Amino acid sequence: MPSDYENDFRKHFEVHYAASGATFEEFRPSYEFGFEMANDPKFKGKKFHDVESEIENAYLHRYPGADLDRNWDALFYGWEKAGGAAGGFGFI
């Protein structure tokens, strides 16, 4: 992941998660995963809501026991920053 995206992810983290007492490192995997999935040939060019369940399953497979509800915004933000189509979820 290019470092300029990490800066964006850190800014997003500061606005959305920092007040909870969490650290950026707790959310980094979710940002990176969203970014990675948006660039995956399987998902590239597809709208997030069309592949959301597949992405969620892949996330939980990679990170068993992860709290997807807590990390969802970070994952989705990573998807959008990589150029993934929002498909109606463009609120971040």
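The values are calculated or read from the model by the stated rules, or taken from the named source; none is laboratory data. As the structure is a computational prediction, the values presented were derived from the model and not from experiment. Using ideal geometry, Cβ is built from the backbone for each residue, glycine included, and neighbour counts are taken over all protein chains shown.
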Looking only at the range 1-35, how many residues end up being among the aliphatic types (A, V, I, L, M), loosely packed, with under 13 Cβ neighbours inside 10 Å and under 14 Å from the mean Cα position of the chain (by Cα)?
0
If we keep just the residues of the range 64-74 that are out of contact with any His (no Cβ under 8 Å at 6 or more places or on another chain) and part of a helix (DSSP H, G or I), which is surrounded by the fewest Cβ atoms within 10 Å (Cβ to Cβ)?
Asp69
Being of a type in the set (A, V, I, L, M), modelled with pLDDT of 95 or more, under 19 Å from Glu6 (Cβ atoms) and within 13 Å of the chain's Cα centre (by Cα) is true for just one of Ala82, Ala74, Ala38. Which residue is that?
Ala74
Pairs, first more than 17 Å from Gly65 (Cα to Cα) in the range 17-28, second surrounded by 14 or more Cβ atoms within 10 Å (Cβ to Cβ) and not β-branched (Val, Ile, Thr), C-beta under 7 Å, six or more apart:
Tyr17/Phe27; Phe24/Arg10; Phe24/Phe13
Where residues in the range 42-63 are closer than 13 Å to Ala82 by Cβ and of a type outside the set (D, E, K, R), which of them is surrounded by the fewest Cβ atoms within 10 Å (Cβ to Cβ)?
Gly45
